[in-house]
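The values are calculated or read from the model by the stated rules, or taken from the named source; none is laboratory data. Values in this document were obtained by computation on a predicted structure and should not be read as measured data. Ideal geometry is used to build each Cβ from the backbone, glycine not excepted, and the neighbour counts take in all protein chains shown.
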Amino acid sequence: MSARPIIALEGVTKRFGPTLAAHEVSLSVDEGEFFALLGPSGCGKTTLLRLLAGFEHPDAGRILIDGQDMSGVPPNKRPVNMVFQSYAVFPHMSVAENVAFGLKVDRVPAPERRRRVEEALALVKLEDLGARRPHQLSGGQKQRVALARALVKRPRVLLLDEPLSALDAKLREAMRGELAQLQRTVGVTFLFVTHDQEEALAMATRCAVMNEGSLEQVAAPRDLYERPASRFVADFIGQVNLFAGRLTRAADGGLSFVSPEISALIRVAAREAVGEGPAWMAVRPEEIDLAIGRAPVGATAGGVRLGGTVARISFLGSHSALEVLVGVRSLRVLRANRAGEGPGVGDEVWLSWRPEAAWILYR
């Protein structure tokens, strides 16, 4: 049995003057999901979060939370709570007082309030720090206080607006795992906004990629990476090599991709294409094999083989990213580092990949 949608956006549109922040967005989020809204700055993802929270109101469309139409429902009456990227922790209150603040406003009796605060602090591993003030906490601890303060009210949905953006890289990575584990523990639906693709892919069960106020694709992280629906998604999620060209029908009925950018005729896996015409081919850098030495440009029986010259090498630790000049194009190749091995800048190399490693895009 499939999970029940707890959030439903139906044709939601929102304008700010001439700017179309959300354009006829229709989306559902299942109960218990860790769902990410992903996209570049200004794409409309935070606007959707604020619409759900009730801080903004749609110009058209409906928002339903737990089956209830949110039209006219104020923020404090919605079954959601929000965690902001700035923490918004009250500096004059202790950790425990910060967490208890919402319960106190709701006039929850003191004994119940204390019990729920203790439970919330234990969830975020701050049970021994209730008496501390915010200035005595690290950035990661302040973020946990903000999470505890949101969770203590037992919302049906927790809205998170880039909550890790203020942390340093090492702490962000550690907090990703903690946040994902916390969501599994409490079972609350998390709707997470981020521009960081790595963050979304690491934590979310599903992601919605946004571009200029519209949804480009909604899918599981692996599907977004391995089978993007558009050039925008392919380029935004990870690194990719994109070639403009045209699909043509071969004598045997199969399809080939012709790209003037790399002066090559590339056989296309049958499942990847639906017909002749203008298209784009996408290949991830890690799918390209590299060998030192010169090889003729063209297709081989086993796949693709292209000759090129190494133009640049970026050392990334366990891997190196190489820019290889092929025709008028520079291709990005990701290669594992091995002691004493590897090409140098200016070396002639040949690149190859299986037809199944590439995919065809029509938009």
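Just give me the residues in the stretch 67-85 being in a strand (DSSP E or B) and in contact (Cβ under 8 Å) with a residue 40 or more places away in the chain, in sequence order.
80, 81, 82, 83
Within the stretch 43-62, count every residue that is out of contact with any strand residue (DSSP E or B) (no Cβ under 8 Å at 6 or more places or on another chain) and either buried (at least 21 other Cβ atoms within 10 Å of the Cβ) or among the hydrophobic types (A, V, I, L, M, F, W, C) (or both).
Matching residues across the stretch 43-62 total 1.
Evaluate the following for residue 127: is it part of a helix (DSSP H, G or I) and over 24 Å from residue 7 (Cα atoms)?
no
Can you tell me which of (1) modelled with pLDDT under 85; (2) more than 24 Å from residue 226 (Cβ to Cβ); (3) not small (Gly, Ala, Ser) is the one residue 325 doesn't meet?
Only one criterion is unmet by residue 325, namely (1).
What about residue 108, is it in a helix (DSSP H, G or I) and more than 30 Å from residue 197 (Cβ to Cβ)?
Here the answer is no, as residue 108 does not meet what is asked.
Report yes if residue 279 is touching a Lys or Arg at 6+ places or on another chain (Cβ under 8 Å), modelled with pLDDT of 85 or more and not polar (S, T, N, Q), otherwise no.
yes
Of the residues that sit in the stretch 177-195 and are crowded, with 18+ Cβ neighbours inside 10 Å and not hydrophobic (A, V, I, L, M, F, W, C), which one is nearest to residue 237 (Cα to Cα)?
If we take residues in the stretch 177-195 being crowded, with 18+ Cβ neighbours inside 10 Å and not hydrophobic (A, V, I, L, M, F, W, C), then 195 is nearest to residue 237 (Cα to Cα).
Given (1) touching a His at 6+ places or on another chain (Cβ under 8 Å); (2) at negative phi, where does residue 213 come up short, assuming only one miss?
(2)
When both residues are 6+ apart or on different chains and their Cβ atoms are under 7 Å apart, which pairs have a first residue that lies in the stretch 334-352 and is β-branched (Val, Ile, Thr) and exposed (fewer than 12 other Cβ atoms within 10 Å of the Cβ), and a second that is modelled with pLDDT under 85 and not in a strand (DSSP E or B)?
none
Pull up the stretch 217-253, narrow it to residues that are farther than 17 Å from residue 266 by Cβ and among the hydroxyl-bearing types (Ser, Thr, Tyr), then point me to the one that is surrounded by the fewest Cβ atoms within 10 Å (Cβ to Cβ).
This residue is 230.
Return the pairs, sorted by first residue and then second, in which the second residue is at pLDDT 90 or above and buried (at least 17 other Cβ atoms within 10 Å of the Cβ), the first residue lies in the stretch 277-300 and is over 15 Å from residue 333 (Cβ atoms), the beta carbons are less than 6 Å apart, and the residues are 6+ apart or on different chains.
Taking only residues 6 or more apart or on different chains, the pairs are 280/231.
Looking at the stretch 9-50 only, could you name the residues that are among the small types (Gly, Ala, Ser), in a strand (DSSP E or B) and under 22 Å from residue 236 (Cα atoms)?
Once the filter is applied, which keeps residues that are among the small types (Gly, Ala, Ser), in a strand (DSSP E or B) and under 22 Å from residue 236 (Cα atoms), the stretch 9-50 yields 21, 22, 26, 36.
Yes or no: the stretch 11-22 includes at least one residue that is surrounded by 22 or more Cβ atoms within 10 Å (Cβ to Cβ) and closer than 15 Å to residue 155 by Cα.
No - not one qualifying residue is present in the stretch 11-22.
Only one of these conditions is not met by residue 197: (1) more than 13 Å from residue 37 (Cβ to Cβ); (2) within 12 Å of the chain's Cα centre (by Cα). Which number is it?
Answer for residue 197: the failing condition is (1).
Just to be sure I understand the filter: pairs with C-beta atoms under 7 Å, separated by 6 or more residues or on different chains, first member in the stretch 120-131 and at pLDDT 85 or above, second member aliphatic (A, V, I, L, M) and in a loop (DSSP other than H, G, I, E, B). Which pairs pass?
Once the first residue is at pLDDT 85 or above and sits in the stretch 120-131, its partners that are aliphatic (A, V, I, L, M) and in a loop (DSSP other than H, G, I, E, B) give 120/152.
Is it true that residue 218 is touching a Gly at 6+ places or on another chain (Cβ under 8 Å), outside any loop (DSSP other than H, G, I, E, B) and either within 20 Å of residue 281 (Cβ to Cβ) or in contact (Cβ under 8 Å) with a residue 60 or more places away in the chain (or both)?
No, not satisfied.
Looking at the stretch 86-101 only, could you name the residues that are under 28 Å from residue 196 (Cβ atoms) and either without any contact (Cβ under 8 Å) to a residue 24 or more places away in the chain or touching a helix residue (DSSP H, G or I) at 6+ places or on another chain (Cβ under 8 Å) (or both)?
Answer for the stretch 86-101, where residues must be under 28 Å from residue 196 (Cβ atoms) and either without any contact (Cβ under 8 Å) to a residue 24 or more places away in the chain or touching a helix residue (DSSP H, G or I) at 6+ places or on another chain (Cβ under 8 Å) (or both): 87, 88, 89, 90, 91, 95, 98, 99.
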